[in-house]
Every structure is written in C-alpha cells, then in structure tokens.
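K.L.:
Quick one: structure below, then a few questions.
The values are calculated or read from the model by the stated rules, or taken from the named source; none is laboratory data. Being a predicted model, the structure only gives us computed values, none of them experimental. Cβ placement follows ideal geometry from the backbone for every residue including glycine, while neighbour counts extend to all protein chains displayed.
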Amino acid sequence: MRARPSLAAAAALGALALTACGNGGQAEAGAGPTVTVFAAASLTEAFTEIGDRFEAEHEGVMVEFNFAGSSDLAAQITEGAPADVFASADEANMDKAVEAGAADSPTPFAANQLVIAVPEGNPEGVASLSDLTGLDFAACAEQVPCGAAAGAAIGAAGVDLTPVTYETDVKSTLQKLTLGEVDAALVYRTDAIAAESEVDAIAFPESAAALSVYPIAALEDAPEPDLAAEFTAYLLADDAQAVLREAGFQAPDQRA
Amino acid sequence: MTMNAISATRTRRRRRIPAALLVPAVIGLAFLILPLAGLLARTPWTELPARLAEPEMLAALRLSLITATAATALSLLFGVPIAWLLARGDFPGRSVLRALVTVPLVLPPVVGGVALLLVFGRNGIVGSWLYERFDITIPFSTTAVVLAMTFVSMPFLIVSVEGSLRGADLRFEEAAATLGAGRWTVFTHVTLPMVAPGVLAGAVLCWARALGEFGATITFAGNFPGRTQTMPLAVYLALQTDLEAAIVLSLILLAVSVIVLASLRDRWTATP
C-alpha cells in the first residue's frame with residue numbers, strides 16, 4: 001500500500017513535466033531558440049514534415065506547432081498568444097489577425113481545392129457534382145472555409161444540391177463518409193489524399209471557382225522575429241513547396 | 001410561537017454561518033459566476049434585438065427547447081425505473097450496472113456520438129436493420145438529436161433519483177404494503193411522492209444538460225438548420241466568424257433556460 005501513493009505522485013509529476021515540455025519551448029533551458037508556428041489543422045501532416053526539414057537545416061533551432069481551426073488560431077493570436085508565425089487556411093481569418101494589428105503583409109503560400117470524396121471503388125458511380133442529386137452527402141457549414149468553398153462550387157455548377165448535414169470542419173465531414181453515414185462528402189483534396197486507403201477523390205471542374213488560398217505571416221509580436229521571417233521564407237522555397245504538393249496542395253497562383 | 005418570534009429566530013440563524021463554510025462557498029461562487037460576468041461584459045447589447053429576430057436563431061432555439069424536453073421525458077420514462085432497480089433491486093452485478101450507467105458522464109460526448117452512430121447509424125448494429133427492413137435512417141434527423149441528448153443526460157436523472165430512493169424511509173412503503181396496497185400502488189402513491197424532489201432535481205439537471213449538449217449531437221445528428229441545428233451548434237458556428245454574435249446567442253440560451261427553470265421551481269417546489 002505504501003508504494004502506491006508515491007507511485008501515483010511520481011506519475012503525476014511525470015505528467016506535469018511532460019505537459020511543461022509540450023507547452024513552453026522557452027522553458028527548455030540549454031536548448032536553442034524555438035519558433036512557434038500556429039497553423040491550420042489541414043496543414044498538420046505537411047507542416048510536421050516541413051518542420052523536421054527546417055530543424056535539420058537550422059542547427060539547434062526547434063519548431064513547435066499549434067494546429068487548430070484557423071478561426072480558433074486567429075482568436076488566440078488576437079488575444080495575445082505568444083506565436084511567431086500564423087498559417088491560416090483562409091484569407092478571412094488572416095485578415096482578422098491583420099486588422100487586430102497582430103500580423104502584417106501576409107503571403108499566399110498554397111491553395112487547396114475541393115473534391116468529391118466517395119467510398120473506395122465509388123459504388124454510386126459519382127463522376128460530377130450533379131451526380132450527387134438524390135444521394136446523401138455531407139459538406140462543411142458556410143461559416144468555415146471548406147463550407148464557403150462548397151457553397152461557391154455548388155453555385156458555380158448551377159445545380160440545386162442540399163447536403164444532409166453542414167459539418168463544423170472538414171475532418172468531421174470526411175468522418176461521416178468513412179463511418180458510412182453518407183454516400184459522398186465535399187472535402188479538400190488534401191484530406192481525401194490523407195484518407196486515400198478508405199476514400200476515392202473525384203475532381204470536379206467547378207471547384208476551381210472556390211479555391212481556398214492559404215496565407216502565412218510572421219507576427220508583429222513574435223518572440224523570435226528573425227526565425228519567424230526565416231521560417232516564412234523557407235515555406236515559400238522549393239523544398240517546402242514540394243512537400244505541400246506531395247500532400248495535395250496547389251501553388252497559390254493557380255487562383256481562378 | 002408568534003410570526004415575529006419565528007422571523008427573529010430565522011435572522012439569528014442566518015447570521016451564524018460558519019466561516020469554514022462561508023469562505024469556500026464565496027470563492028466557489030465567484031469561480032462559477034465570474035465567467036458569466038466575463039460574457040456579459042463582452043456582450044454587444046445593441047445587437048440583441050437584431051439577433052432575436054433572425055429566423056434561423058428562433059428555429060434553433062425552438063428545436064433546442066423541444067428536443068431537450070423530449071429527452072427529459074424519455075429519461076424520466078426509462079430513468080426512474082432504472083434508478084428504482086439500482087436502489088431497490090437485489091440482484092448480482094448491481095454495482096457493475098450502476099457503474100455502467102454513469103459511462104455517458106465520463107465518455108467525451110463526441111465519442112458518445114460515434115458510439116451512437118456505430119449502433120444506430122446506417123451501418124450500425126440496429127441502424128442497418130432499420131435501414132434495410134423499414135428504410136429508416138436515424139442520423140441527421142431530429143430523432144437523432146433527442147437520442148444523443150437522452151444518452152448524455154439520462155445518467156444525471158438516474159443518479160439523482162437513485163440517491164433519493166436510497167435516502168427515503170422504507171417504513172412508509174412497508175406500512176402501505178401492510179395496509180394492503182399493491183406494489184405498483186405503493187410505488188405510485190408512496191415511493192414516488194416521497195422522492196419527488198429528487199426526481200425534479202434530476203429532471204432539471206437532465207434538461208439543462210440536454211439543452212447544452214453539443215458533442216454527441218454534432219457527431220450523431222449532424223448540423224442542419226431547423227432539423228438538427230440546436231442552439232449550442234448555432235453558437236459554435238457563429239463562433240467561427242463572429243465572437244460577439246456567439247456571445248449573444250449563448251446569452252439568449254442562458255436567459256431562456258434560467259427563466260424556465262426558475263418558473264418551474266416556483267410552481268413545483270415549496271420554497272423554504
């Protein structure tokens with residue numbers, strides 16, 4: 001019995017130490033400088049890879065990411081969260097940071113296009129947006145970037161389509177499909193590629209009318225302004241752009 | 001004792017609150033109330049009338065009130081018998097069952113929503129049968145909202161009613177039985193009136209929890225205006241674009257729930 005409380009205490013201390021490491025890069029004495037990047041959730045896979053490469057090329061520098069919905073990140077930044085770089089999944093949320101004086105002169109670094117995700121093998125034979133008529137499909141709500149894009153694409157197609165559900169983010173939209181609750185889902189190409197073992201992606205021309213452009217900016221109150229500028233520049237260079245292409249992102253200048 | 005004497009005793013009693021209770025109570029209250037004050041401080045009051053007139057907002061509020069009430073009714077219908085079984089039943093595995101009943105309290109609601117999909121979804125254990133036999137799909141319907149709310153809120157009712165049943169004096173039930181009342185009559189005429197405050201408290205907790213439900217609803221029922229978009233879902237979506245609008249919507253939900261609960265309390269329970 002004696003050993004138990006101390007074990008529990010040790011575990012608790014361990015957990016505390018872990019959280020401490022995870023949260024504050026600055027707390028790690030002896031380690032090099034840390035650049036803190038707030039990035040949209042859809043960038044998770046690509047940015048993790050780019051962060052590793054950046055660290056490998058910059059001796060002693062650490063990259064820390066905070067991945068979340070762009071609007072959450074914009075709110076955190078305008079409320080004063082200590083971040084060096086902000087990468088948003090849309091221009092509206094970047095504009096919020098700019099208006100609040102937290103960011104200046106954002107640069108587009110990638111674009112993302114909607115596809116129709118269907119179960120592997122495409123059982124319903126979906127080939128275009130109008131094929132969704134009569135099917136149950138999921139899309140994002142218009143308040144979030146992927147939903148604004150879905151609305152624009154449907155509008156461009158000139159078809160009368162109503163999803164069975166307007167999801168709060170692109171991942172839960174895709175989840176409705178992978179759980180088999182809908183026949184199709186309007187998601188970003190990058191999300192469909194990340195789930196390619198389960199879903200097929202059907203490209204459709206109208207999605208060009210609704211390209212989501214991802215801007216990045218070094219932040220005004222960055223604790224590490226030099227590194228912030230360096231990371232932003234690195235992201236626009238060939239190496240990082242190749243990683244983004246691999247994940248399914250397009251070059252930002254393909255905007256229609 | 002005259003009325004004056006009674007009120008005098010009351011005031012004297014009221015003064016003698018031990019500091020050991022008062023201090024933590026005040027700190028606790030501040031902790032509970034300050035976040036609300038924070039919301040109130042950021043509220044753009046001039047926007048309130050415009051928001052109140054929005055048809056989507058009214059639809060969400062109406063849906064929230066209807067579904068939360070339906071979920072509470074379902075919880076009463078099934079939860080009170082469960083509580084009775086847990087408090088009075090004598091069978092092996094009762095403590096395991098009691099622990100299982102509280103699972104929805106611990107489960108993150110989003111996971112609860114996925115669990116509901118796995119059972120009632122198009123490919124779920126029950127859902128696939130309903131879909132193939134009767135062409136019924138539960139997800140993305142108002143029924144799904146009620147089911148999600150019932151799943152997360154019924155345990156509150158069960159725990160509350162079971163506590164009351166365990167605290168109730170068994171001798172009254174025994175006396176009624178001795179006098180010839182059947183088991184059902186004893187339950188409806190003796191047990192239920194005795195535990196009524198517990199049932200009411202449980203129903204209030206249940207209703208309030210159902211009203212604020214977000215995670216299981218968005219996962220299991222999705223979000224469609226007028227059909228499955230409850231107030232918490234509308235608030236969350238408003239939060240994506242407009243913090244102030246989200247605050248206004250939350251305050252409307254809070255105000256309506258406080259008014260409903262306060263008026264119920266006055267009508268149904270004798271205030272001490």
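K.L.:
Anything in segment B:213-237 that is among the small types (G, A, S) and buried (at least 21 other Cβ atoms within 10 Å of the Cβ)? List them, or say none. First the steps, then the outcome.
P.N.:
Initially, segment B:213-237 is screened for residues among the small types (G, A, S), giving B:215-216, B:221-222, B:226, B:234.
Within segment B:213-237, B:A216, B:A221, B:G222, B:A234 meet the criteria.
K.L.:
Need the failing condition index for B:E56 against (1) surrounded by 15 or more Cβ atoms within 10 Å (Cβ to Cβ); (2) under 26 Å from B:V258 (Cβ atoms); (3) within 14 Å of another protein chain (Cβ to nearest Cβ), just the number.
P.N.:
Single failed check for B:E56: (1).
K.L.:
Which of the residues spanning segment B:173-192 are part of a helix (DSSP H, G or I) and closer than 22 Å to B:I82 by Cβ? Don't jump to the end; show me each part of the working.
P.N.:
First pass over segment B:173-192, keeping only residues part of a helix (DSSP H, G or I): B:173-178, B:183-192.
Passing the criteria: B:E173, B:R183, B:W184, B:T185, B:V186, B:F187, B:T188, B:H189, B:V190, B:T191, B:L192.
K.L.:
Can you tell me which residue is nearest to A:V170 (Cα to Cα) among those in segment A:29-82 that are touching a Gly at 6+ places or on another chain (Cβ under 7 Å) and not aliphatic (A, V, I, L, M)?
P.N.:
A:F65
K.L.:
Turning to a different aspect of this structure: Inside segment B:225-242, can you point out the residues that are more than 22 Å from the chain's Cα centre (by Cα), outside any helix (DSSP H, G or I) and at the interface with chain A (Cβ under 8 Å from one of its Cβ atoms)?
P.N.:
Hit for segment B:225-242 is B:P225, nothing else.
K.L.:
Filter segment A:81-98 down to the residues that are surrounded by 22 or more Cβ atoms within 10 Å (Cβ to Cβ) and either under 13 Å from the mean Cα position of the chain (by Cα) or part of a helix (DSSP H, G or I) (or both) and list them by number.
P.N.:
Keep residues of segment A:81-98 that are surrounded by 22 or more Cβ atoms within 10 Å (Cβ to Cβ), which gives A:83-89, A:93-94, A:97.
Answer for segment A:81-98, where residues must be surrounded by 22 or more Cβ atoms within 10 Å (Cβ to Cβ) and either under 13 Å from the mean Cα position of the chain (by Cα) or part of a helix (DSSP H, G or I) (or both): A:F86, A:A87, A:S88, A:A89, A:N93, A:M94, A:A97.
K.L.:
How many residues are surrounded by fewer than 16 Cβ atoms within 10 Å (Cβ to Cβ) and outside any helix (DSSP H, G or I) if we restrict to segment A:99-121? Working first, answer last.
P.N.:
Narrowing segment A:99-121 to residues surrounded by fewer than 16 Cβ atoms within 10 Å (Cβ to Cβ): A:99-101, A:104-105, A:107, A:120-121.
Imposing the further condition that a residue be outside any helix (DSSP H, G or I) reduces the set to A:100-101, A:104-105, A:107, A:120-121.
Looking only at that region, the number is 7.
K.L.:
Does A:A103 count as away from chain B (no Cβ under 14 Å), among the hydrophobic types (A, V, I, L, M, F, W, C) and more than 19 Å from the chain's Cα centre (by Cα)?
P.N.:
Numbers: away from chain B (no Cβ under 14 Å): yes; among the hydrophobic types (A, V, I, L, M, F, W, C): yes; more than 19 Å from the chain's Cα centre (by Cα): no.
Here the answer is no, as A:A103 does not meet what is asked.
K.L.:
Then there's this: Report yes if some residue within segment A:72-80 is away from every other protein chain (no Cβ under 14 Å) and surrounded by fewer than 17 Cβ atoms within 10 Å (Cβ to Cβ); otherwise report no.
P.N.:
Narrowing segment A:72-80 to residues away from every other protein chain (no Cβ under 14 Å): A:80.
Those left that are additionally surrounded by fewer than 17 Cβ atoms within 10 Å (Cβ to Cβ): A:80.
Yes: segment A:72-80 contains one or more residues that are away from every other protein chain (no Cβ under 14 Å) and surrounded by fewer than 17 Cβ atoms within 10 Å (Cβ to Cβ).
K.L.:
Let me ask you something else. Residue under question is B:A245, and the condition is that it be within 11 Å of chain A (Cβ to nearest Cβ) and at pLDDT below 90; does it hold? I'd like the intermediate steps shown before the answer.
P.N.:
Working: within 11 Å of chain A (Cβ to nearest Cβ): yes; at pLDDT below 90: yes.
When the stated conditions are applied, B:A245 passes them.
K.L.:
Hey, another quick one. Looking for something within 11 Å of chain B (Cβ to nearest Cβ), modelled with pLDDT of 90 or more and either within 19 Å of the chain's Cα centre (by Cα) or closer than 21 Å to B:I218 by Cβ (or both) - is there at least one such residue anywhere in segment A:109-129?
P.N.:
Looking through segment A:109-129, none of the residues is within 11 Å of chain B (Cβ to nearest Cβ), modelled with pLDDT of 90 or more and either within 19 Å of the chain's Cα centre (by Cα) or closer than 21 Å to B:I218 by Cβ (or both).
K.L.:
Related question: Return the pair list, or none, for Cβ contacts closer than 8 Å from residues in segment B:153-172 that are part of a helix (DSSP H, G or I) to residues that are of a type in the set (D, E, K, R), at least 6 apart or on different chains.
P.N.:
As it stands, the answer is B:S153/B:R209; B:S153/B:E213; B:F156/B:R209; B:E162/B:R98; B:L165/B:R88, since those pairs meet every condition given.
K.L.:
Now for a separate question. With the requirement that a residue be closer than 21 Å to A:A68 by Cβ, in a loop (DSSP other than H, G, I, E, B) and either more than 9 Å from every other protein chain (Cβ to nearest Cβ) or polar (S, T, N, Q) (or both), what does segment A:138-168 give you?
P.N.:
A:Q143, A:T168
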